[in-house]
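Participant: Attaching a single structure in structure tokens format; questions to follow.
The values are calculated or read from the model by the stated rules, or taken from the named source; none is laboratory data. All values reported here derive from a predicted model rather than from experimental measurement. Neighbour counts run over all protein chains shown; Cβ positions are idealised from the backbone, glycine included.
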Amino acid sequence: MLLAQVVGTVVSSQKEPSMDGLRFMLLQPVDLEGQPTGAHVVAVDAVGAGTGEVVLYAAGSSARQTAVTDKRPCDAVIMAIVDQWETHGEVKYRKGAQP
């Protein structure tokens with residue numbers, strides 16, 4: 001699982017029929033300090049995440065192991081919305097807290 005912030009949505013009116021009904025989100029991976037790292041990722045949203053939220057996502061074959069993505073050709077899926085994370089006893093992120 002990887003950490004990322006939802007930075008937007010992706011809309012596609014023409015797509016593989018097995019992908020109909022799925023919501024696509026644009027993610028910016030973050031490091032343990034919450035700083036952007038790496039390239040953006042388009043992921044299927046399996047949990048109802050919103051723009052600005054920090055999420056856990058899976059990539060590769062693991063992305064096809066949720067009820068929403070089973071047997072669908074996707075490479076990334078949002079599978080959790082992060083409420084808080086802590087590193088070495090220090091809270092690095094708390095949902096809803098001001099930066």
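Participant: Among residues belonging to the stretch 44-99 that are in contact with an Asp or Glu (Cβ under 7 Å, 6 or more places away or on another chain) and modelled with pLDDT of 95 or more, point out the one that is surrounded by the fewest Cβ atoms within 10 Å (Cβ to Cβ).
Facilitator: Of all residues in the stretch 44-99, those in contact with an Asp or Glu (Cβ under 7 Å, 6 or more places away or on another chain) come to 59-60, 63-64, 73, 78, 81, 92, 95.
Add one more test, that the residue is modelled with pLDDT of 95 or more, and what stays is 78, 81.
Numbers: I78: 27, I81: 16.
Looking at residues that are in contact with an Asp or Glu (Cβ under 7 Å, 6 or more places away or on another chain) and modelled with pLDDT of 95 or more, I get I81.
Participant: Output yes when any residue across the stretch 72-89 is at negative phi, free of Cβ contacts under 8 Å to residues at least 40 places away in the same chain and either in contact with a Leu (Cβ under 7 Å, 6 or more places away or on another chain) or basic (K, R) (or both), and no when none is. Break it down stepwise before answering.
Facilitator: Taking the stretch 72-89 as the starting set, the residues that turn out to be at negative phi are 72-87.
Still in the running and free of Cβ contacts under 8 Å to residues at least 40 places away in the same chain: 75, 77, 81, 83-84, 86.
So of that shortlist, the ones also either in contact with a Leu (Cβ under 7 Å, 6 or more places away or on another chain) or basic (K, R) (or both) come out as none.
For the stretch 72-89, residues at negative phi, free of Cβ contacts under 8 Å to residues at least 40 places away in the same chain and either in contact with a Leu (Cβ under 7 Å, 6 or more places away or on another chain) or basic (K, R) (or both): absent.
Participant: Could you give every pair whose Cβ atoms fall below 7 Å, whose first residue belongs to the stretch 52-66 and is free of Cβ contacts under 8 Å to residues at least 24 places away in the same chain and more than 16 Å from L22 (Cβ to Cβ), and whose second residue is surrounded by fewer than 21 Cβ atoms within 10 Å (Cβ to Cβ) and of a type outside the set (S, T, N, Q), counting only separations of at least 6 or pairs across chains?
Facilitator: G60/D75
Participant: Then there is this: For the stretch 19-43, how many residues meet the condition of being of a type outside the set (D, E), exposed (fewer than 12 other Cβ atoms within 10 Å of the Cβ) and under 20 Å from A67 (Cβ atoms)?
Facilitator: 1
Participant: Taking only pairs six or more apart or across chains, which ones have beta-carbon atoms under 8 Å, a first residue in the stretch 2-13 that is within 18 Å of A58 (Cα to Cα), and a second residue that is at pLDDT below 95 and aromatic (F, W, Y)?
Facilitator: L3/W85
Participant: Kindly evaluate V55 against the criterion of being touching a Ser or Thr at 6+ places or on another chain (Cβ under 6 Å), within 12 Å of V82 (Cβ to Cβ) and of a type in the set (V, I, T). If you could, list the steps in order and put the result at the bottom.
Facilitator: On the way: touching a Ser or Thr at 6+ places or on another chain (Cβ under 6 Å): no; within 12 Å of V82 (Cβ to Cβ): yes; of a type in the set (V, I, T): yes.
Criteria not met by V55.
Participant: Filter the stretch 9-34 down to the residues that are assigned to a loop (DSSP other than H, G, I, E, B) and of a type in the set (A, V, I, L, M) and list them by number.
Facilitator: So in the stretch 9-34, the residues assigned to a loop (DSSP other than H, G, I, E, B) come out as 11-16, 20-23, 31-34.
Of everything in the stretch 9-34, those that are assigned to a loop (DSSP other than H, G, I, E, B) and of a type in the set (A, V, I, L, M) turn out to be V11, L22, L32.
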